[in-house]
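Participant: First the structure, then my questions, so here it is.
Every read-out reported here was derived from the displayed coordinates using simple, explicitly stated rules and does not represent laboratory data. Keep in mind that this is a model prediction, so the values were computed, not measured. Cβ coordinates were reconstructed from backbone atoms using ideal geometry, including for glycine residues, and neighbour counts include every protein chain displayed.
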Amino acid sequence: MIHIVFQEADKGALRNSFVLDESMNGEIIVIQDDYAVGPIKDIYFETGREERKQWWREVLAEGDYEGFADKGEINNDHQTISLLLEKLRSEQNEVLWIWAAQNKHDVSGYYWLISHLQEFAGRVNILYLNNLPFINEKGNLFYPVNLFQISPREFVKARKLSRQVTLSEFEIDLDEWTRLCNEQKGVRLLEGGKKLVQADYDFYDRNLESFITSEWQKAGRIIHHFLSKSKHTTGDAFLLWRLKCLLGRNDYDVNGQLKGMKDFEIKMKSTQQVEQLYH
């Protein structure tokens, strides 16, 4: 039995549940890249993968995660899936379990993954937490957005909701992902169920910009406020890149070097403060 999750934190949470149900014990594979952002055109070809890798290099340049694109933390999924396919072909009784929560990161990763697995129809199970209620540590019902929010006991219950990926899903989901790839947008958003819509790279800019004030703030503080208060969020590395893009317009005062989240401060220019008073 092989399990696939889409966030590193999900791996530990799922592993803890095996203590309660040894029948589920198996290898856990993490899909590392965040397919909810960045270029996905021709992603199954070397040219598309290299374009995406180069994009990550630019996004992470001189930031807190600089170099990750070339260390395997982000762009090693092609090798991971190749090894998985070899194992599934050589071990005919091996079964695959895909665990996904209702968030754009997991769903985008699912679409990227499922197109590799058509030949294994009948051996691929999906457990998608789509508006399913669970019980938290205080005994209250809640709707988890991420797998790692679920307790080990709830993981054991959740396995009963799994099902096989159908032949029609393999076809429909591949067509949907192909459509998204061909649109050549940079941001993917979850509307509900498995429905993804796309936007341009600057989708988060206006909301991110609203957290810049007349007081000096570290970039990390602005990003933290955005992540804690915004309806639509994404990874902090992407937000740091977008913040640097905003500052390139020279609309704000900056103190420090545009590198990591703790390396520079931002505030409104004095003219912006005056304009804000009259609006």
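Participant: With a 10 Å cut-off between alpha carbons and a GNM built on the chain, which of VAL19, VAL165, VAL30 moves the most?
Facilitator: Among VAL19, VAL165, VAL30, the largest GNM mean-square fluctuation belongs to VAL19.
Participant: Can I ask one more? State the answer as a single residue: which of SER108, SER17, THR178 lies farthest towards the positive end of the charge dipole of region 2-180, with beta carbon charges of +1 for Lys and Arg and -1 for Asp and Glu, about the Cα centre.
Facilitator: Comparing the listed Cα positions along the dipole, SER17 ranks first.
Participant: Treating only the Cβ of Lys, Arg, Asp and Glu as charged (+1, +1, -1, -1), what charge dipole size does the chain show about its Cα centre? Round to the nearest 20 debye.
Facilitator: 760
Participant: Which of the aspartates and glutamates could a cross-linker bridge to LYS138, judged by Cα under 19 Å and excluding same-chain residues fewer than eight apart?
Facilitator: Excluding near neighbours in sequence, the set is GLU154.
Participant: Right, here's the next one. When the expected Rg is taken as 2.2 N^0.38 Å, what fraction or multiple of it is the alpha-carbon Rg of region 205-277?
Facilitator: Cα Rg divided by the expected 2.2 N^0.38 Å: 1.03.
Participant: Looking at the P(r) of the chain, how many percent of alpha-carbon pairs lie beyond 36 Å?
Facilitator: Value for the chain (Cα pairs over 36 Å): 23 percent.
Participant: Counting only DSSP beta bridges with both residues in region 74-157, what percent are antiparallel, rounded to the nearest 5?
Facilitator: 25
Participant: Less than 25 Å apart at the alpha-carbon level, and either on another chain or at least 8 residues along: which lysines does that give for LYS194?
Facilitator: LYS11, LYS41, LYS104, LYS157, LYS160, LYS185, LYS229, LYS231
Participant: Let me ask another. Antiparallel versus total DSSP beta bridges in the chain: what percent is that, nearest 5?
Facilitator: 55
Participant: Which GluC sites (Glu not before Pro) does region 35-108 hold that lie in a coil by DSSP with at most 16 other beta carbons within 10 Å?
Facilitator: Those that pass, being in a loop and sparsely packed, are GLU62, GLU66, GLU73, GLU91, GLU94.
Participant: What size of dipole, in debye to the nearest 20, comes out for region 64-221 about its Cα centre when the only charges are +1 on Lys and Arg C-beta atoms and -1 on Asp and Glu C-beta atoms?
Facilitator: Dipole about the Cα centre, nearest 20: 780 debye.
Participant: Here's a follow-up. Between TYR44 and GLN164, what's the calculated FRET efficiency when r is the beta-carbon distance and R0 is 25 Å? Round to 0.05.
Facilitator: E between TYR44 and GLN164, to the nearest 0.05, is 0.60.
Participant: Restricting things to alpha carbons, tell me how big region 73-185 is in terms of Rg and Dmax, in Å.
Facilitator: Over region 73-185's Cα set, Rg and Dmax evaluate to 15.6, 45 Å.
Participant: Among TRP55, TRP112, TRP99, whose mean-square fluctuation peaks in a Gaussian network model of the chain (Cα, cutoff 10 Å)?
Facilitator: Between TRP55, TRP112, TRP99, it is TRP55 that shows the largest mean-square fluctuation.
Participant: Among the trypsin sites (Lys or Arg not before Pro) in region 193-256, which ones are in a DSSP loop with at most 15 other Cβ atoms within 10 Å of the Cβ? Mind listing them?
Facilitator: When the trypsin sites (Lys or Arg not before Pro) of region 193-256 are filtered for loop state and at most 15 Cβ neighbours within 10 Å, LYS231, ARG249 remain.
Participant: Further, regarding this structure: Under 10 Å, Cα contacts only: if you run a Gaussian network model on the chain, which one of ILE212, ILE223, ILE172 comes out with the highest mean-square fluctuation?
Facilitator: ILE172
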